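Accompanying notes for the structure given below.
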Amino acid sequence: MKNNLSEMPVYAPITPNEPMEAIGHRIQRFATTRAEHPALISEQGTVSWRALLDQTNQIANRLRDAGLQSGDSVAALSENSADYVALYLGILTAGGCMVPLSGMASAEALSLMLSDCKAQFLFVSRKNRDLLHSFRPGLQGLPDDRIMALGEDGEGIGQTLRDWLANASAEARPADVSLDDAFNIIYSSGTTGTPKGILHDYRFRQRQMMRMSRFGLDGDAINLVSTPLYSNTTLVSVLPTLFHGGTLVVMAKFDARRFLELAETHRVTHAMLVPVQYQRILADAEFDRFDLSSFKLKLCTSAPLRPDVIADAMTRWPGNIREVYGLTEGGISTSLDCAAHPDKWSSVGIPTEGAEVRVIDEDGHELPKGETGELAGRAISMMRGYVNQPEQTREMLWESPEGEVFYRSGDMGRIDEDGFIYILDRRKDMIISGGFNIYAVDLEKALLAHPAVDDAAVIGIPSEQWGETPLGLVVLKPGHQDSGPAILEWANGQLGKSQRISAIELREELPRSTIGKVLKRELREPYWQTITR
């Protein structure tokens with residue numbers, strides 16, 4: 001059954017007669033203008049733009065010959081690879097809607113996602129073969145001949161992509177699409193709970209690609225990709241690089257030393273990284289021997305980058321850092337130019353062009369600058385909504401007194417007198433202890449200032465006296481033997497009376513998602529699972 005995705009509401013500002021050049025059309029010119037220019041570099045070798053477009057067009061034509069209609073969803077479950085990038089472009093060129101899936105999701109969640117988006121085809125890498133088998137028996141609507149293997153080994157999956165493309169035409173026949181048509185669906189969750197499919201249309205992506213090109217993500221960019229393609233974090237930098245005919249250096253899995261080697265070898269100019277990657281790269285014992293002088297800009301998103309890490313990177317790593325804050329859903333969009341604003345490194349910057357951010361209280365009333373509340377935003381790029389979940393979409397909307405639709409972020413924060421935005425915590429992660437609102441980020445900053453602490457997270461756990469109370473989970477730096485009580489006493493000495501941490505637990509590591517976010521729900525679960533709600 002066909003998805004009517006293009007009929008979902010439009011919340012983004014509408015620009016009359018907005019020009020459009022679909023990525024599937026635009027990249028065709030590179031077959032002649034940049035024919036031998038490297039499009040993709042991976043461990044398997046270098047792929048020129050001409051070769052990439054031949055494969056892209058083969059995929060598009062084969063999909064249409066196999067029955068794909070404009071707007072149909074095509075899913076992929078794979079780590080990064082050159083074939084995956086070609087598949088992504090091929091689906092868009094065919095007029096399909098790309099649905100990249102996370103290998104970190106549970107089998108049950110993946111089955112729900114594929115059903116929710118009505119996927120017509122599924123491409124799976126060898127690494128995810130066992131995961132496919134765990135949910136394949138309950139998967140309806142996808143016959144075996146529409147499940148293909150990415151990579152050279154199709155054992156246990158079916159045809160490989162290359163076998164499936166045998167004799168497929170490489171003729172350039174990109175489908176015509178409009179700004180309202182579906183571009184991709186990204187699922188916001190999948191480890192537990194009901195996944196939410198975030199629908200981006202061509203309007204969302206085209207505006208984002210043009211905006212990011214102003215940061216140098218253009219035809220001259222050599223962009224090192226080390227976060228997964230199923231994440232919007234990755235797509236924010238990958239898509240504009242491809243749209244303008246630049247070069248992607250693709251890592252299947254992040255490794256700090258390998259990142260440095262690839263950056264030096266290929267004279268990388270740009271990279272989108274998450275905070276934990278910055279920390280691991282800068283901590284590499286051999287960091288300073290690598291020639292990173294080709295870097296022009298490093299981007300950071302998914303979580304605020306600590307000021308001490310920014311300071312270290314700005315001192316030792318050539319090129320500027322620009323921190324980007326936004327939601328996969330869009331709406332909120334801010335940017336911090338670290339070179340221009342060294343006094344604002346604790347913030348996530350100011351709203352980008354065409355964006356607006358406000359702070360609201362629990363009742364939806366707007367708060368003045370300096371006061372803390374939930375951040376809500378409106379921008380030129382805003383999702384169409386959560387697929388098949390209109391009620392959850394409505395719950396995210398906030399209407400301003402002027403009648404404009406903003407997206408609620410779920411992040412608690414404030415705006416200073418200069419218009420810079422500071423994030424304090426996720427609303428759902430805020431700890432309410434004895435009637436006081438406690439923001440975990442303030443407590444984590446105190447812990448991270450301790451010379452023995454390498455990583456830290458603070459969560460709320462049950463308390464008979466206070467309802468809930470802050471617990472600090474700490475990872476020590478190598479070679480340090482400091483005790484939990486000693487760190488607790490030191491940290492509480494830096495905090496106000498209403499912020500005190502109740503206890504410290506030492507951990508070997510903190511659970512993180514593939515884009516570096518601490519999985520606080522996972523950390524909280526053991527403490528709350530016996531509590532009757």
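Within the stretch 360-375, is there a residue that is within 30 Å of MET98 (Cα to Cα), outside the structural domain of LEU114 (by TED's automatic domain parsing) and at pLDDT 95 or above? First the steps, then the outcome.
Taking the stretch 360-375 and keeping what is within 30 Å of MET98 (Cα to Cα), we get 375.
Next, only the ones that are outside the structural domain of LEU114 (by TED's automatic domain parsing) stay: 375.
Filter again for at pLDDT 95 or above, leaving 375.
Yes, some residue in the stretch 360-375 is within 30 Å of MET98 (Cα to Cα), outside the structural domain of LEU114 (by TED's automatic domain parsing) and at pLDDT 95 or above.
For ASP343, work out the one condition from (1) free of Cβ contacts under 8 Å to residues at least 60 places away in the same chain; (2) surrounded by 15 or more Cβ atoms within 10 Å (Cβ to Cβ) it doesn't fulfil.
Of the numbered conditions (1) free of Cβ contacts under 8 Å to residues at least 60 places away in the same chain; (2) surrounded by 15 or more Cβ atoms within 10 Å (Cβ to Cβ), the odd one out for ASP343 is (2).
Looking only at the stretch 104-120, how many residues end up being more than 26 Å from GLU21 (Cα to Cα) and either assigned to a helix (DSSP H, G or I) or at pLDDT 90 or above (or both)? I'd like the intermediate steps shown before the answer.
To start, the set of residues in the stretch 104-120 that are more than 26 Å from GLU21 (Cα to Cα) comprises 104-116, 118.
Filter once more, so that each one left must be either assigned to a helix (DSSP H, G or I) or at pLDDT 90 or above (or both): 107-116, 118.
Of the residues in that region, 11 qualify.
Cβ contacts < 9 Å: first residue without any contact (Cβ under 8 Å) to a residue 40 or more places away in the chain and in the same structural domain as LEU443 (by TED's automatic domain parsing), restricted to the stretch 483-502; second residue of a type in the set (Ser, Thr, Tyr) and part of a loop (DSSP other than H, G, I, E, B), any location; separation 6+ or different chain. Result?
Listed by first residue and then by second, the contacts come to LEU488/SER502.
Tally time: how many residues in the stretch 1-39 are over 23 Å from CYS97 (Cα atoms), without any contact (Cβ under 8 Å) to a residue 60 or more places away in the chain and not β-branched (Val, Ile, Thr)?
Final tally of qualifying residues: 4.
Give all pairs with beta carbons closer than 9 Å in which a residue from the stretch 300-318 that is touching a residue at least 60 places away in the same chain (Cβ under 8 Å) and crowded, with 18+ Cβ neighbours inside 10 Å meets a residue that is outside any helix (DSSP H, G or I) and among the acidic types (Asp, Glu); count only pairs at least 6 apart in sequence or on separate chains.
Short answer, once both residue conditions are applied: THR301/GLU323; PRO304/GLU323.
Given the options ASP153, ASP83, name the one that is surrounded by fewer than 24 Cβ atoms within 10 Å (Cβ to Cβ) and out of contact with any Asp or Glu (no Cβ under 8 Å at 6 or more places or on another chain).
Details: ASP83 fails: surrounded by fewer than 24 Cβ atoms within 10 Å (Cβ to Cβ).
Going through ASP153, ASP83 in turn, just one is surrounded by fewer than 24 Cβ atoms within 10 Å (Cβ to Cβ) and out of contact with any Asp or Glu (no Cβ under 8 Å at 6 or more places or on another chain): ASP153.
Tell me, yes or no, whether the stretch 509-518 has at least one residue that is over 20 Å from TYR278 (Cα atoms), surrounded by 15 or more Cβ atoms within 10 Å (Cβ to Cβ) and among the small types (Gly, Ala, Ser).
no
Can you tell me which condition PRO478 does not meet? The list is (1) outside any loop (DSSP other than H, G, I, E, B); (2) under 30 Å from LYS253 (Cα atoms), and all the others hold.
Result: PRO478 passes all but (1).
What pairs come up if the first residue lies in the stretch 517-533 and is within 15 Å of ALA440 (Cβ to Cβ) and at pLDDT 85 or above, the second is surrounded by 12 or more Cβ atoms within 10 Å (Cβ to Cβ) and among the hydrophobic types (A, V, I, L, M, F, W, C), and their beta carbons are under 6 Å apart, counting only those six or more places apart or on different chains?
As it stands, the answer is VAL518/ALA457; VAL518/LEU510; LYS520/ILE459; LEU523/ILE459; ARG524/ILE459; TYR527/ILE461, since those pairs meet every condition given.
Only residues that are in a helix (DSSP H, G or I), touching a strand residue (DSSP E or B) at 6+ places or on another chain (Cβ under 9 Å) and not hydrophobic (A, V, I, L, M, F, W, C): list them for the stretch 1-34, please.
Scanning the stretch 1-34 gives a single hit, SER6.
The values are calculated or read from the model by the stated rules, or taken from the named source; none is laboratory data. Everything numeric in this text was worked out from a predicted model, so none of it was measured. Note: ideal-geometry Cβ built from the backbone for every residue, glycine included; neighbour counts use all protein chains shown.
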